[in-house]
Amino acid sequence: MIIVMQKDADEGKIRHVIERVEGKGLEAILLRGEQRNVIAAIGDKREIPTEYWLAIPGVEKTVPILSKYKLASREVSPQTTTVKINDCVVGEEKLSIIAGPCSVESMEQTLCAAEAVKDAGAVALRGGAYKPRSSPYSFRGLEKEGLEILAEARRKTGLPVVTEVLAPEDVEIVYEYADVMQVGARNMQNYSLLDELSKFDKPVLLKRGISATAEELLLASEYILRTGNAPVILCLRGIRTFEDHTRFTLSIGALAHLKRVTHLPVIVDPSHPAGDSNLVPPLAKAAVAAGADGLLVEVHPEPENAYVDGAQSLTPESFNKLMGELRLIASAVGREL
Ligand code: PEP
Ligand code: MN
């Protein structure tokens, strides 16, 4: 159940409601919103009548949550929750385009990519320092050195940094350097990693697992949301199906569904489902047309020399061209870039 507080309910009233919720043996999670604050009361409350809650000062209404996911549900907040990454706000009318190489390979490669994506209008830099690879013999990232390179790219360009964290024991060090901590598709159901991330106060970019349903993605987000510390941005990146004409299948239907059932911002990674740089622009454009709040795009200064995912990486020139095309689509659907 969600307890929606009145617009003018002060901190004292909020604390009082939390105490009453906890007094009934329920867990209280405070979710601060721009318009008003709500308190999620989690647990079995069948015996407590609605009137009990309505009688408490500052309470406007209660809303039962029927879905399995509670905090991510649209029922909690009719408005899309915005997530601030420095000056960029994900979930606003302005789309958040995050771009950069699949992995951090060197200072020169990262700085070159960072300058290029910034010039084209990206609001944040992506780049993996810890890489999940299907084969243990592949390049697995520069780790701490990669984080330092990303920090230097942020210093030089002002772009906030989005980078992946692979294991619970790495959260602390990635937290030190990153502006957004990315959970990759292979880790969406790594619940000890999600629990660890929930203790920190940095936004988490949570990617859909390769074989996870939309509901499982939302339930995974609850692990992070339940402490109230870290906001979550969802990211669709394609799932495995019988189709083999693309690397993964990007479900635009899942995007439309998620935008309807959750208030969390949802962005789309068109690069991993495409697997081929020629297919990235159409997927990116489809995602923006269908209501994505942003994109996560792989861009490499020299895709043919990339250590990882060169075939799906855009050159700075093709990324710049894509941004121009996206501007037109964004304005057609009431967004801007
Ligand atoms: C990535 O973003 O580079 C990545 C590894 O993505 P995914 O987890 O979606 O495969
Ligand atoms: Mn990649």
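The values are calculated or read from the model by the stated rules, or taken from the named source; none is laboratory data. Just so you know, these numbers come straight off a predicted model, no measurement behind them. Counting neighbours? That spans all protein chains shown, and the Cβs are built from the backbone with ideal geometry, glycine included.
At-a-glance table
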item	result
All positions within region 166-179 that are within 23 Å of LEU236 (Cα to Cα) and away from ligand 2 (no atom under 16 Å from the Cβ)	ALA167, PRO168, VAL171, VAL174, TYR175, ALA178, ASP179
Residue list for region 146-176, restricted to those being assigned to a helix (DSSP H, G or I), β-branched (Val, Ile, Thr) and under 23 Å from ASN305 (Cα atoms)	ILE149
Matching residues, region 9-47, being touching a residue at least 24 places away in the same chain (Cβ under 8 Å) and at positive phi	none
Matching option when the condition is more than 16 Å from ligand 1 (Cβ to nearest atom), at negative phi and touching a helix residue (DSSP H, G or I) at 6+ places or on another chain (Cβ under 7 Å), among TYR130, TYR191	TYR191
Test: residue in region 279-296 that is surrounded by fewer than 19 Cβ atoms within 10 Å (Cβ to Cβ), in contact (Cβ under 8 Å) with a residue 24 or more places away in the chain and within 16 Å of ligand 2 (Cβ to nearest atom)	yes
Subset of region 81-94 that is surrounded by 18 or more Cβ atoms within 10 Å (Cβ to Cβ) and assigned to a loop (DSSP other than H, G, I, E, B) - its residue that is farthest from ligand 1 (Cβ to nearest atom)	THR81
For ASP244: the one exception among (1) over 26 Å from LEU147 (Cα atoms); (2) in contact (Cβ under 8 Å) with a residue 24 or more places away in the chain; (3) assigned to a loop (DSSP other than H, G, I, E, B)	(2)
Residue satisfying all of: in region 131-148; touching a Phe, Trp or Tyr at 6+ places or on another chain (Cβ under 6 Å) and among the hydrophobic types (A, V, I, L, M, F, W, C); farthest from VAL171 (Cα to Cα) among these	PHE139
Filtered residues of region 305-322 (kept if among the hydrophobic types (A, V, I, L, M, F, W, C) and crowded, with 17+ Cβ neighbours inside 10 Å)	ALA306, VAL308, LEU314, PHE319, LEU322
Filtered residue count, region 323-336, keeping only those that are of a type in the set (A, V, I, L, M, F, W, C) and buried (at least 19 other Cβ atoms within 10 Å of the Cβ)	3
Subset tally (residues that are touching a Ser or Thr at 6+ places or on another chain (Cβ under 7 Å), assigned to a helix (DSSP H, G or I) and crowded, with 24+ Cβ neighbours inside 10 Å) for region 95-145	1
ALA287 being assigned to a loop (DSSP other than H, G, I, E, B) and touching a strand residue (DSSP E or B) at 6+ places or on another chain (Cβ under 9 Å)	no
Pair list, Cβ under 7 Å, 6 or more apart: region 315-334 residue of a type in the set (Ser, Thr, Tyr), other residue part of a helix (DSSP H, G or I) and surrounded by 11 or more Cβ atoms within 10 Å (Cβ to Cβ)	THR315/PRO303
Yes/no for ILE210 being in a loop (DSSP other than H, G, I, E, B), out of contact with any Pro (no Cβ under 6 Å at 6 or more places or on another chain) and within 16 Å of ligand 2 (Cβ to nearest atom)	yes
Yes/no for ALA256 being at pLDDT 95 or above, out of contact with any helix residue (DSSP H, G or I) (no Cβ under 9 Å at 6 or more places or on another chain) and assigned to a helix (DSSP H, G or I)	yes
Given (1) within 16 Å of ligand 2 (Cβ to nearest atom); (2) in a helix (DSSP H, G or I); (3) under 21 Å from the mean Cα position of the chain (by Cα), index of the condition GLU304 fails	(3)
Region 220-251, residues that are crowded, with 17+ Cβ neighbours inside 10 Å, farther than 18 Å from PRO270 by Cα and not small (Gly, Ala, Ser)	GLU222, TYR223, ILE224, LEU225, ARG226, PRO231, VAL232
Whichever residue in region 185-204 is away from ligand 2 (no atom under 16 Å from the Cβ) and of a type in the set (D, E, K, R) and, among such residues, is surrounded by the most Cβ atoms within 10 Å (Cβ to Cβ)	GLU196
Residue within region 251-262 that is farther than 18 Å from GLY128 by Cβ, without any contact (Cβ under 8 Å) to a residue 24 or more places away in the chain and within 15 Å of ligand 1 (Cβ to nearest atom) present	yes
